[in-house]
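A.B. asks: Handing you this structure, nothing more for now.
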Amino acid sequence: MFAWSSWKEIPMKDRSLFGIILFSMFLPGLFGQAPHFVTHPLPYEGGRIDLLFQENRGFILAGTSRGLFSFDGRNWSVITQSDSNSTKSVSAIWQDQDNRLWVGYKSGNIDIVAGGKTETFQPEEGTPVVPITGILRDKNGILWISTYGEGVYYYQNERLYLIDTDDGLPDNDVYVIMMDEEGRVWAGTDRGIGICSLEDGKKKVEVLSTKNGLPDNIVREISRDDLGNMWIGMYDGGIARYDLSKKEFISGGSWEYGAVTSILPLKDKIWIGTENSDIVLLEDSQPYRKIEAGQFQVYDILADKEGNIWISDHLNGLRSALRTLSFVPVDERIRSVHAGTSDRIWFSTAKGVYVFHRHTGQTDTMVTNLADVVVSMYEDPYGYLWMGSIGEGVWRMNIKDRSIRHFTEASGLVNNHVVSIDGDGKYIWFATFGGISRCQASGSGQIQFEQFTRKDGLSTEYIYQVKAGENGNAWFAMDGHGISIIENNRIRQLDELKDVTVFSMADDQAGSVWYNTEGQGIGRISLGNGDKSETELGISGEQALSIASLSRQLLLVVYPDYLGILNSSSGRMIRLGEEVGINNLGEDLNVVDQDAGGMVWIGGEDALVCYAPVRESILSTPLTCITSVNIYLENIGDEDPMELPYDRNHLSFNYTGLWYQAPLGVSYQHRLKGYDIDWVDSRNDQAIYPNLSPGTYTFELRSSANGDFSNVPVSSYSFRILKPFWEQWWFFLISILAGILIAYFWIKNREKRLRITERLEKENIESQFETLKSQINPHFLFNSFNTLISIIENDQETAVEYVERLSDFFRNILVYRHQTVIPLNEELELFENFYFLQKHRYGDNLFLNNNLDPSLAGSHTIPPLTLQLLVENALKHNIISKSKPLTVDIESDGKGYLLVRNNLQKRRDEVPSTQVGLQNIINRYRLLSDMEVRIEITRTHFQVYVPLLKKE
Amino acid sequence: MKNFSAIHITGLLMCCLIVPVWASVHGVKGIFATTTGKVEFKSDAPLELIEAASDRLKGVIDSNKNAFAFSIQITSFQGFNSALQKEHFNEKFMESELHPEASFQGKIIEDIDYNEIGYYKVRAKGILSIHGVSQERIIRSDMHIEEGKITIDSDFKVLLADHRISIPKIVSQKISEEIQVHVRLELLERNTNER
């Protein structure tokens, strides 16, 4: 942290003086050093963003009066939105460890958003009815919710408890809550800060107010920095820091910028948003500094993971800028830059030499009437600025009184083309196109130049750059001969680079020196092993103008159109180009210098560019995230890992690589492991895989801001497409089992059928036998012949018919006996013959009533000779005489049975029945139908029901 | 933290409206009131300076609750540069038939000992309602407490946009987006015998 105490050391009077100087420069156009802001569209026209938040995947979220929106650098999408039922004016955003977003609204409602689904937080006690101003969870897992009007709630074991003025909270209008390092919750109100905690389950509120040194009781904002300090933003009192160890407030000094709306305490500077003076910066031990001459309200400030600062304000809507870069506009091409002492940055143009004061943001003209353009500068410890030219030697200016002395070859300088000057406090070194000069730095007027040329062992006198070392030595970048070192007046050349043109060198302060070559890229020499040096050449191909070391790993490389931040361990380079405000850095070599604070100052065509490394770790590659997985273009949500049926095999992936500083430059590579052989290059934000065959797949995605995908983190999504059911093992098993079963039952059935057929055949044979037996029965023949004889005598024609019928009768028996069933009408015809014969025998003693419906007879079948057998039975067992005629009825009972009935008049000489005929009928029907043959014997009638069989 | 369009202090509002009535009926001590407070406003636009004033600001401060309520009839403003201007002010900008009153009601943030004579710098937080649009505001005031009397002096700004007062483009150079308001009022303690 910077030296805050230095505040106290500046007397009040001086501070106000500072203010005046500061104010004088806040005229439009004269603004000193400002980031390059890019304005973004708003989620909806005419809207404003009240809250900014970066969620864990990297998306920038915006809380507005219409709902919560998410920004990917190009487009906004809705997360929660007002509808006719609810007004979703967002007043608090927070994300828990499970990546669930908690969104608080002015209505008092809270939504929980997870996996694309929104739930409403509904504690049993009900939700507040005043605006939610903050949500957080403490170390014990207790959820804290602050409100504007009801105080602070905490939610523990699914119960909601309230802490308000009755519990000692200074006021129920809570603007903000923030957790301190001890897990206590600080609530900012109009009457000071209430520090809420639970001790043994009991509410405890400690109050910090003006009595404790708080500059103002109206606390609008509380932030916590990396070190655990609490930063307080007030309505009238500016900002203050609470030192937890000393337990006291340290005021940020006099404040003239009105109410504070937001504080972003970063390591290098504190960003302060105000209600009507836009952004104020607090940097190191410097006074407050405004970045623009505005008078507008700042709603919120956010620092994202890639080093951008985001500002939502009343005038500009939403803006972002890379924190590392800032620009001092200059109306001419800068030819040389030197970072001097007291935060003075010297720079020269074709018109003269100028100084930029970092403290005040002011630029002063130093000298404009020199005979030539200054191309090299160095400020020595005695208050002189040395200025080198090409052709006119060097000038030395007394910075205080601006008096100038001129030194040329005539004064003993080795050459008048002085391209680089450097010093170590004792010596000042001059690199020229004619060798090297050195003089003692001193406050006196006497200047004596020493010379180092070819004669002294220099391999070339064409020197591009000098860097003074710590022990009186100096390094020289030389044309065609690499690097030479002068130690103890002895010249030593680095052998490894003796054929290389070196333009510039940069010490990383960790035992290595970087160097920039002509056409052979950038290299590094490790100085670890005494004289022995290692080199790595050609890290980057493009011709760089100059280099500066940012850290052991990071190197800043200046190219004509962009700055490169090269990570030597990963080999990755971030390009900072047009998108972040870098347009034209000219063509001159080495117009770069680094100040004591590590900031690099680069002279460009129209600006002095400052690169300030941030102390937080920032991303060097886009945040890659698969935003949705779709099947047949339908989002499937958050199921992971996933198994899909064989026919849901049209997959597409939507993804994004978040790189807010240059969103249009992001390119992607993706592959589907199990399908693609190699990575597929893409600039789309969707990959589609139709018709995937069953198998296991992993979709892998990586994104890059500069087309370099080496060592880039990969996002992935694994899934499996199952085999169709007919290729599953269980299906095989079931099929085989089913096959076996079917075969088994078929065989079984066949056996049964065979058995039935066998029995039917047997019954048939029996029936035939029975029939034949009865027909060939001599009794029947005898009776028939007797009948015939009596007919022949009376009526010969009838006799002929009788014989024909008799012969038909026998033929029919022969024809039908082999058949199982015959149509009922055929059976009736057959029966007709039999009846004709019997009728002639019994005459009027026998009656037959056929009441069968002819259509029924046509559509049903019957085992052959059944009717004949039944009637024969009746004839056999009953008296048939004139006084007792026998009547046989054939009819349908309407319930599927054929009914054969006769009046019962048993013969006395009853021949004992063998029941063979009837039993045969019953047996045959058992094989043919489910319905049984029924026999009913009443007092008057004997009736047999045989099932009517449907014609097949 | 962030700006809230204030709708929520209904309770506070109720208390502010009811307290004076209740107090006047029951004659509780510590109620300070006036009906002749002075309000001046100034619109300093590039092409025209407009000033108007009224001395009919009604105000009540309840010292027991540290609460206040002020209101003024829009039509009571006099001054302006012409009669036509006044007409425009009432009819076009303020729509004083629809929204006849402007008011400011709320609580004083600072704790004040009303028995202690002296000068105080206070901030009043409340709902400022102009043109029918309410905004929560914190307004700084100088407060002078004397025996039985409170004097309030306050300067603040009102943004036309905050209260949806729209100005035709044609006259935008003549009317400032930001109106400066000065308020001065002397509130006298109500006599308990007064009914």
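A.B. asks: With no solvent and one equal point scatterer per Cα, compute the Debye intensity ratio I(q)/I(0) for region A:803-952 at 0.10, 0.12, 0.19 Å⁻¹ and report its log10, rounded to two decimals.
C.D. replies: Rounded to two decimals, the profile gives -0.34, -0.49, -1.29.
A.B. asks: In whole Hz, with x marking every Gly and Pro, tabulate ³J(HN,Hα) for region A:860-876 from phi via Karplus 6.51 cos²θ - 1.76 cosθ + 1.60, θ = phi - 60°.
C.D. replies: These are the phi-based 3J(HN,Hα) values: 10, 10, 7, x, x, 6, 4, 4, 4, 4, 5, 5, 4, 4, 5, 5, 6 Hz.
A.B. asks: Kindly provide the pair-distance distribution of region A:91-169 built from C-alpha pairs, with 10 Å bins from 0 and whole-percent values in order of increasing distance.
C.D. replies: Pairs per bin, as whole percents: 19, 56, 23, 2.
A.B. asks: On to the next question. Just name one of A:Gly115, A:His650, A:Thr460: the one whose Cα is farthest towards the positive end of the charge dipole of chain A (beta-carbon charges, Lys/Arg +1, Asp/Glu -1).
C.D. replies: After comparing all options, I get A:His650.
A.B. asks: Here's another thing I want to ask about it. Computed on alpha carbon atoms, what radius of gyration and Dmax characterise region A:165-220, expressed in Å?
C.D. replies: 10.7, 32
A.B. asks: Moving on. In degrees from 0 to 90, rounded to the nearest 10, what is the angle of the helix A:778-794 Cα long axis to the longest principal axis of chain A?
C.D. replies: 60
A.B. asks: Additional query: Nothing charged except the Cβ atoms of Lys and Arg (+1) and of Asp and Glu (-1): what's the magnitude of the dipole of the protein assembly as shown about its Cα centre? Round to the nearest 20 debye.
C.D. replies: In total the dipole reaches around 2840 debye.
A.B. asks: Expressed in nm², what is the orientationally averaged projection area of the convex hull enclosing the Cα positions of region A:228-318? Walk me through the numbers on the way to the answer.
C.D. replies: Working: hull surface 24.0 nm².
Taking the Cα atoms of region A:228-318, their convex hull projects to 6.0 nm² on average.
A.B. asks: Using per-residue counts of other Cβ atoms within 10 Å, averaged over each peptide, order A:432-443, A:44-55, A:679-690 from highest down.
C.D. replies: A:432-443, A:44-55, A:679-690
A.B. asks: For region B:65-195, what percent of Cα pairs sit more than 23 Å apart?
C.D. replies: Here the long-distance tail beyond 23 Å is 42 percent of all Cα pairs in region B:65-195.
A.B. asks: Give me A:Phe347, A:Phe809 ranked fewest to most by other Cβ atoms within 10 Å of their Cβ, as a rough exposure proxy.
C.D. replies: Fewest-to-most Cβ neighbours within 10 Å comes out as A:Phe809, A:Phe347.
A.B. asks: Lys and Arg at +1, Asp and Glu at -1: add these up for the other residues within a Cβ distance under 12 Å of B:Ser103 and post the number.
C.D. replies: +1
A.B. asks: Semi-axes, largest first, in whole Å: what does sqrt of 5 times each Cα gyration tensor eigenvalue give for region A:720-852?
C.D. replies: Semi-axes from the Cα gyration tensor: 60, 16, 10 Å.
A.B. asks: What whole-number volume per residue, in cubic angstrom, does the convex hull of the C-alpha atoms of chain A give?
C.D. replies: Cα convex hull per residue, to the nearest whole number: 307 Å³.
A.B. asks: Taking beta carbons within 10 Å but only from partner chains, what does the mean come to for residues A:260-266?
C.D. replies: Mean partner shielding for this stretch: 1.
A.B. asks: Using θ = phi - 60° and the Karplus relation 6.51 cos²θ - 1.76 cosθ + 1.60, list the HN-Hα couplings for region A:720-732 in order, rounded to whole Hz, with x at every Gly or Pro.
C.D. replies: So the Karplus estimates, Gly and Pro as x, are 9, 9, 6, 5, x, 4, 6, 10, 7, 4, 5, 5, 4 Hz.
A.B. asks: Using modelled amide H (1.01 Å from N, peptide plane; none on Pro or chain starts), what sits under 5 Å from the amide H of A:Val174, excluding residues fewer than 5 places away?
C.D. replies: A:Thr147, A:Tyr148, A:Gly149, A:Glu150, A:Gly151
A.B. asks: Oh, and also: Can you run the Rg to Rh ratio on region A:774-878? Use alpha carbon positions and the Kirkwood inverse-distance Rh.
C.D. replies: Using Cα coordinates only, the ratio equals 0.98.
A.B. asks: Compute the signed sum of charges (Lys and Arg +1, Asp and Glu -1) over the other residues within less than 9 Å, Cβ to Cβ, of B:Ile150.
C.D. replies: Net charge around B:Ile150: -2.
A.B. asks: For region B:138-195, restrict the atom set to alpha-carbon positions and state the Rg and Dmax in Å.
C.D. replies: 17.7, 55
A.B. asks: Further, regarding this structure: Can you check how the C-alpha radius of gyration of region A:842-904 compares to 2.2 N^0.38 Å, as a plain ratio? Spell out each step's value before the answer.
C.D. replies: Values: Rg = 12.7 Å, N = 63, 2.2 N^0.38 = 10.6 Å.
Working it through for region A:842-904, the quotient is 1.20.
A.B. asks: Which whole number in µm²/s is D for region A:651-709 by Stokes-Einstein, with the Kirkwood Rh taken over Cα pairs at 10 °C and 1.306 mPa s?
C.D. replies: The calculation lands on 130 µm²/s.
A.B. asks: Given the peptides B:36-44, A:513-521, arrange them by the average over their residues of other C-beta atoms within 10 Å, most packed first.
C.D. replies: Averaged packing, sorted descending, gives the order A:513-521, B:36-44.
A.B. asks: D for region A:553-630, whole µm²/s, Stokes-Einstein with Kirkwood Rh over alpha-carbon pairs at 25 °C and 0.890 mPa s: what number? Intermediate values should be presented prior to the final figure.
C.D. replies: On the way: Rh = 14.1 Å.
Stokes-Einstein gives a translational diffusion coefficient of 174 µm²/s.
A.B. asks: May I pose another question? Could you work out [θ]222 nm for chain A from helices alone, using -39500 (n - 2.57) per DSSP H run of at least four and dividing by all its residues? Round to the nearest 500 deg cm²/dmol.
C.D. replies: The per-residue figure over chain A is -5500 deg cm²/dmol.
A.B. asks: Take the residue pairs B:Lys42/B:Lys86; A:Lys305/A:Lys673; A:Lys204/B:Lys125; A:Lys267/A:Lys290; A:Lys106/B:Lys125 and return only those whose Cα atoms are more than 21 Å apart.
C.D. replies: Going by Cα-Cα distance, A:Lys305/A:Lys673; A:Lys204/B:Lys125 fall outside the 21 Å limit.
A.B. asks: Based only on Cα atoms, what Rg/Rh ratio does region A:603-744 have, Rh being taken as Kirkwood's radius?
C.D. replies: Over the Cα atoms of region A:603-744, Rg/Rh equals 1.24.
A.B. asks: What ratio of Cα Rg to 2.2 N^0.38 Å holds for region A:158-262?
C.D. replies: Values: Rg = 13.4 Å, N = 105, 2.2 N^0.38 = 12.9 Å.
Compactness ratio reported: 1.04.
A.B. asks: Near B:Tyr119, within a Cβ-to-Cβ distance under 11 Å, what is the net charge of the other residues, with Lys and Arg +1 and Asp and Glu -1?
C.D. replies: -3
A.B. asks: Write out the GluC sites (Glu not before Pro) in region A:860-913 meeting two conditions: DSSP loop, and at most 13 other Cβ atoms within 10 Å of their Cβ.
C.D. replies: A:Glu910
Just so you know, all these numbers are worked out from the coordinates, no wet-lab data involved. Please read these numbers as outputs of a predicted model, since none were measured by experiment. In this analysis, Cβ positions are derived from the backbone assuming ideal geometry, glycine residues included, and neighbour counts consider all displayed protein chains.
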